[in-house]
Amino acid sequence: MSPTAPDTPARTPRTAPAAGRLLAVSDLHIGMPDNRPITESLRPASDGDWLIVAGDVGELTTDIEWALRLLSERFSKVVWAPGNHELWTPREDPVQLRGERRYRHLVEMCRGLGVVTPEDEYPVWEGADGPVAVAPLFLLYDYSFLAPGTSTKEESLARAHETGVVCSDEYLLHPDPYPSREAWCAARVEATERRLAAHDPSVPLVLVNHYPLVREPTEVLWYPEFAQWCGTVRTADWPRRFPTAAVVYGHLHIPRTTWHDGVRHEEVSIGYPREWRRRGHPRGLLRQILPHPAPAAGTAASGGGNGVAKGKEGL
């Protein structure tokens, strides 16, 4: 199945000029009771504000629907890219679909709420500096961010098991009907790459993916073995190859701003209570992607982030 909507992937829908901002958040994890009030508190500053939700809303389909419905009723437009947690099939979820069928179920749920998905045309946000197309991506990972000192997926996974840093995806994220998660990733990458190549290069892109598109952000993880569940080397040149205004991602639970090859990368996660209680929310709950705000005096361009996420809970 192709992750493109339309028979004419180069066509990008236009909207009226946006009166508000393009905002982003990820990793709401509303299954944790202390995180649900955070989601309930998210509100636009104006009727024109758009919101990007870069994955890991929750695990249960009822929770995911509740959160996206709430946000879609508040923001002018909501754009969603799935995280690994949405793709889990927990025993307690009444929807026991797996793999591609679960993803397609979530897509149809989002469409019923008016939420843009990776299967839809890229919506265009019209700012003072011109239009940008917001491109939600669903790419997964292929274990190519190998653990240090390893040279194959098998060695990398063995190292993770030795150290006790194993992602819960290994037990809850099923690739059906694909033979493996990396095969599913390969199919998604290939189809998405074709779609991006067909995009009108005169309209810059905001690339939205749950995982970082380049490996460098994972270098601050306390447990480097976890990087193998954080993306694929096959997307490393995408921000350079395609006309990219910014990259938005989550997953690492290390909210910060970094620059790679001249392109701004925004990690916009809320994370778990044990994380945000320690660091607070120095950049606020919602990150402004566009218009690009000037950094506050004395604030480093790399932003915050303590590099402590993704420990032995394997999340």
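The values are calculated or read from the model by the stated rules, or taken from the named source; none is laboratory data. Everything numeric here is computed off the predicted structure, so don't read it as measured data. Cβ atoms come from the backbone with ideal geometry, glycine included; neighbour counts cover every protein chain shown. Areas reflect the complete protein model, heavy atoms only, side chains present, ligands, DNA and RNA absent. Shrake-Rupley method; radii C 1.70, N 1.55, O 1.52, S 1.80 Å.
General remarks:
- Annotation: the stretch 148-281 has a Kirkwood hydrodynamic radius of 16.5 angstrom, from the mean reciprocal C-alpha pair distance.
- Modelled label positions at S180 and D93, each set 7 Å beyond Cα in the direction of Cβ, lie 2.4 nm from each other.
- The mean accessible area for residues of the chain, using a 1.4 Å probe and ignoring ligands and nucleic acids, is 39 Å² per residue.
- In a reduced charge model with +1 at each Lys and Arg Cβ and -1 at each Asp and Glu Cβ, the chain shows a dipole moment near 520 debye about its Cα centre.
- Net charge of the neighbourhood of D63, taken over other residues with C-beta under 10 Å away and scored Lys/Arg +1, Asp/Glu -1, is -3.
- Just the protein heavy atoms count here, and of the accessible area of the chain at 1.4 Å, carbon and sulfur take up 53 percent.
- Cα centroid of the stretch 124-150 to Cα centroid of the stretch 248-295, whole Å: 14 Å
- Shape of the stretch 17-124, Cα gyration tensor, a/c cut at 1.5: oblate
- Under the span-like rule (Cα at least 18 Å along the axis, Kyte-Doolittle mean at least -0.5), DSSP H helices of the chain: 61-74
- Histogram of C-alpha separations across the chain, 10 Å bin width, %: 6, 29, 39, 22, 4, 0
- Residue ranges 201-210, 53-62, 273-282, 174-183 sort as 53-62, 201-210, 174-183, 273-282 when ordered by packing (mean number of other C-beta atoms within 10 Å per residue, highest first).
- Label-point separation in nm, R101 to A128, each point 7 Å along Cα→Cβ: 5.1 nm
- Ordering of 24-32, 66-74 by packing [mean C-beta count within 10 Å, highest first]: 24-32, 66-74
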